[in-house]
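Chemist: Sharing a structure, written as structure tokens. Questions coming.
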Amino acid sequence: MAISTSMKQGFLDRARTEPAAAAAIAVFVLSLATLAGAWFFEYVLKLAPCPLCLMQRIPYHIIIPLSLLLAIAALVGAPRNLLLVGFAAIAIAAACNVVLGIYHAGVEWHWWAGPVDCSGPLTDLRTGGSLLDQLHAVHVVRCDEAAWRFLGLSLAGYNVLISLVLAMIASFGLSTARLAYGTASRAPAS
């Protein structure tokens, strides 16, 4: 018990002194909480995700393991370039998710058209009764209808805000890794 407590305390102390590690841990925790929240809405509240919602989860499947590996790398003193590439990849994935979230929110507000498979009209179904019967039994989750809103924002809107915060934290981690792990401090010993 004492060993695990001292290891945990050492880990927390080390994370406080390594801003790059702290940034990576913050990205990990926020990303994991966001994905857990999406699963809560899907499995507990029974709000089925649309295809665009599912696409917005993909960056989290990249960011979560990458940020955990990056936190470990920063804590063990990994090379500066590894940290820079890792934070840049997280920032890019989060920025892509910002764009996708803005697109999805715009589709929900009917500012522009969404994908035909989840927001467009069904086309020419005059081929036969069995296909039509099958289509009546299928429930398509529409991308242009927000399943939930709070303070005027849908889940896509909150994803935009969360992804912006993730991109900013990753940018902070990138800048601290650039400054704290300068080439002079990481030069190989001769």
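The values are calculated or read from the model by the stated rules, or taken from the named source; none is laboratory data. It should be emphasised that the depicted structure is a prediction, and the values quoted were computed from it without experimental measurement. For neighbour counting, all protein chains shown are included, and Cβ atoms are generated from backbone atoms with ideal geometry for every residue, glycine included.
Chemist: Looking for whichever is at pLDDT below 95 and assigned to a helix (DSSP H, G or I) here; the options are R126, R57. Which one fits?
Modeler: R57
Chemist: Let me ask something else about it. State the number of residues belonging to segment 155-190 that are modelled with pLDDT under 85 and hydroxyl-bearing (S, T, Y).
Modeler: Qualifying residue count, segment 155-190: 4.
Chemist: Just to verify a result, which residue in segment 39-72, among those that are of a type in the set (G, A, S) and crowded, with 19+ Cβ neighbours inside 10 Å, is farthest from L166 (Cα to Cα)?
Modeler: By that ranking, first place goes to A71.
Chemist: In contact (Cβ under 8 Å) with a residue 24 or more places away in the chain, under 17 Å from S171 (Cβ atoms) and buried (at least 17 other Cβ atoms within 10 Å of the Cβ): does that describe A105?
Modeler: Taking the combined requirement at face value, the residue does not satisfy it.
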